[in-house]
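Colleague: What follows is a single structure, and I will ask about it in a moment.
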């Protein structure tokens, strides 16, 4: 079914509930993603509230579980720092409590080892000979990936 047909189809609450159960079972979702999906299905606010309540009650939708899964995935796969993870979770309207809980799941030793590995790898790729420019390029790269300022400067001073 093409996207246009999907947008024009009208769903009953039961049909939408079944569709969203599958959507949430496939991968962890934030409340915001689910609400946007339901709005895209042209569901009325009362139906959205009803479906969200059902999904939470049946444990298809769990914001804390989503936050932990998201934080672990972005750290392990994309090598993001905590600042970037926090920013992305805030954009998904995750509560401060759940963000803090998700960050607590990241092992501190593994976190610092990842920063070390990432910085050394990037430094090998930087062809610049001027040490100040090398430091700036490395810092910019690590800041973009969301690593904390004090950790970045400590690492740069250690490596260059």
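Colleague: Counting just the residues of the stretch 71-97 that are touching a residue at least 24 places away in the same chain (Cβ under 8 Å) and buried (at least 20 other Cβ atoms within 10 Å of the Cβ), which one comes out nearest to residue 30 (Cα to Cα)?
Modeller: Among those residues, the one meeting the criterion is 94.
Yes/no matrix, rows are residues, columns are (1) closer than 20 Å to residue 75 by Cα; (2) surrounded by 15 or more Cβ atoms within 10 Å (Cβ to Cβ); (3) in the same structural domain as residue 77 (by TED's automatic domain parsing); (4) in contact with a helix residue (DSSP H, G or I) (Cβ under 9 Å, 6 or more places away or on another chain):
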site: 114; (1), (2), (3), (4): yes, yes, no, yes
site: 117; (1), (2), (3), (4): yes, no, no, no
site: 122; (1), (2), (3), (4): yes, yes, no, yes
site: 126; (1), (2), (3), (4): no, yes, no, yes
site: 133; (1), (2), (3), (4): no, no, no, no
site: 140; (1), (2), (3), (4): yes, no, no, no
site: 144; (1), (2), (3), (4): yes, no, no, yes
site: 150; (1), (2), (3), (4): yes, no, no, no
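Colleague: Here's a follow-up. Going through the stretch 98-107 one residue at a time, which ones are assigned to a helix (DSSP H, G or I), touching a residue at least 12 places away in the same chain (Cβ under 8 Å) and over 11 Å from the mean Cα position of the chain (by Cα)?
Modeller: Selection gives 98, 101, 103.
The values are calculated or read from the model by the stated rules, or taken from the named source; none is laboratory data. Owing to the predicted nature of the structure, the values given are computational and were not obtained by experimental measurement. Note that each Cβ is placed from the backbone with ideal geometry, even for glycine, and that neighbours are counted across all protein chains shown.
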